[in-house]
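Participant: Structure incoming, see below.
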């Protein structure tokens, strides 16, 4: 059972899948397959070692069905390697269980499962005066899915330190095993390029523009949806805009806080067009404590080959009208490829206990409905989808 996500952006609702169904339509909001995006790198090598642990609990549901539960512990480390090098590494084990509809959101079509994913990632960075070069390797293994990724990135800083350019590339090779009643097995290769510009525009403002393109070739159909037949290629493009503004004065409630906003536009050659708008307000409250409420709005159109839950009068569910007369046509009942809107809200709390220890807690709620699509009609006949995410982390610097 694949648990990969097409993006490593953890704050946006999930994109439509690039491959087999991960059993969990929202897992991309909480778990990201390492290696897809180029690794970030600081210009200066860290002057201390940091070790952290993190545990995530995820549950999604729809009326009449508790769908997928995920328990995901992980560990990570960053530290210097001499004066000009650094290393970062992480590993995790995700336990996934529950039930997921085999087509649309039909409870009668849900099948139970239990699976485990093991992940690992390592990144090496070379720090120079105005540049930082990095390279990484990542692996992910499940019962029916295997992924290997390599990535490289570079960041360049201007003489005055106010502007940063970044670029990177990643290549991922996946192996997908089939599942009855629609055996789908084979390989997939994804290539991604990314470029960005970050600019300090004032003592209180930072803006960032980031663009990426990706091409996936190979097996893109979903073995856990039936019937599901997708193109063997997918081209995607994403534009990300960020603006962080520090409120240095004003009312006592706002002074010293930071507003983080972002807009994300995603499109692909399958016909999906997605918009995501998010905001987070980071407020220090003294004693090493910080609170950060957040909110997101998401809206997307459907893929051209997604079909609504209207079934053939002879064959019945899950087959669309005319299925027998048009063998080989592209089609999918995957809810993630439908047209819908979504809202998310959450709260993050962090406590810096002392110079060495930091702990944090994040809670988030997500709801997705076809009728919430902005700027067009949403896909009809689908059940509401809800998700809850709870995450705890702790780190020690030494």
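Participant: Considering every residue within segment 8-29, establish whether at least one is modelled with pLDDT of 50 or more and outside any loop (DSSP other than H, G, I, E, B).
Facilitator: No, segment 8-29 contains no residue that is modelled with pLDDT of 50 or more and outside any loop (DSSP other than H, G, I, E, B).
Participant: Next up: Looking at residue 378 and the list (1) surrounded by fewer than 14 Cβ atoms within 10 Å (Cβ to Cβ); (2) free of Cβ contacts under 8 Å to residues at least 60 places away in the same chain; (3) within 25 Å of the chain's Cα centre (by Cα); (4) not in a strand (DSSP E or B), which single condition is not satisfied?
Facilitator: (1)
Participant: Could you tell me which numbered condition residue 243 fails, if it satisfies all but one of (1) surrounded by fewer than 20 Cβ atoms within 10 Å (Cβ to Cβ); (2) in a loop (DSSP other than H, G, I, E, B)?
Facilitator: Of everything listed in (1) surrounded by fewer than 20 Cβ atoms within 10 Å (Cβ to Cβ); (2) in a loop (DSSP other than H, G, I, E, B), residue 243 misses just condition (2).
Participant: Moving on. Considering each residue of segment 66-111, count those that are modelled with pLDDT under 90 and either in contact with a helix residue (DSSP H, G or I) (Cβ under 7 Å, 6 or more places away or on another chain) or under 28 Å from residue 130 (Cβ atoms) (or both), and give that number.
Facilitator: 7
Participant: Then there's this: For residues that are closer than 17 Å to residue 60 by Cα and touching a strand residue (DSSP E or B) at 6+ places or on another chain (Cβ under 8 Å), tally how many sit in segment 101-149.
Facilitator: Adding up the residues that qualify gives 11.
Participant: Only one of (1) farther than 29 Å from residue 146 by Cα; (2) buried (at least 17 other Cβ atoms within 10 Å of the Cβ) fails for residue 131. Which number is that?
Facilitator: (2)
Participant: Also, I was wondering about something else. One residue is enough: does segment 108-127 have a residue meeting the conditions assigned to a loop (DSSP other than H, G, I, E, B) and either surrounded by 19 or more Cβ atoms within 10 Å (Cβ to Cβ) or without any contact (Cβ under 8 Å) to a residue 24 or more places away in the chain (or both)?
Facilitator: Within segment 108-127, not a single residue is assigned to a loop (DSSP other than H, G, I, E, B) and either surrounded by 19 or more Cβ atoms within 10 Å (Cβ to Cβ) or without any contact (Cβ under 8 Å) to a residue 24 or more places away in the chain (or both).
Participant: Give segment 210-237 a look and list any residue that's surrounded by 14 or more Cβ atoms within 10 Å (Cβ to Cβ) and more than 30 Å from residue 105 (Cα to Cα), or say none.
Facilitator: Scanning segment 210-237 gives 210, 211, 212.
The values are calculated or read from the model by the stated rules, or taken from the named source; none is laboratory data. A quick note: this is a predicted structure, and the numbers were derived from the prediction, not measured. Virtual Cβ from ideal backbone geometry, glycine too; neighbours counted across all protein chains shown.
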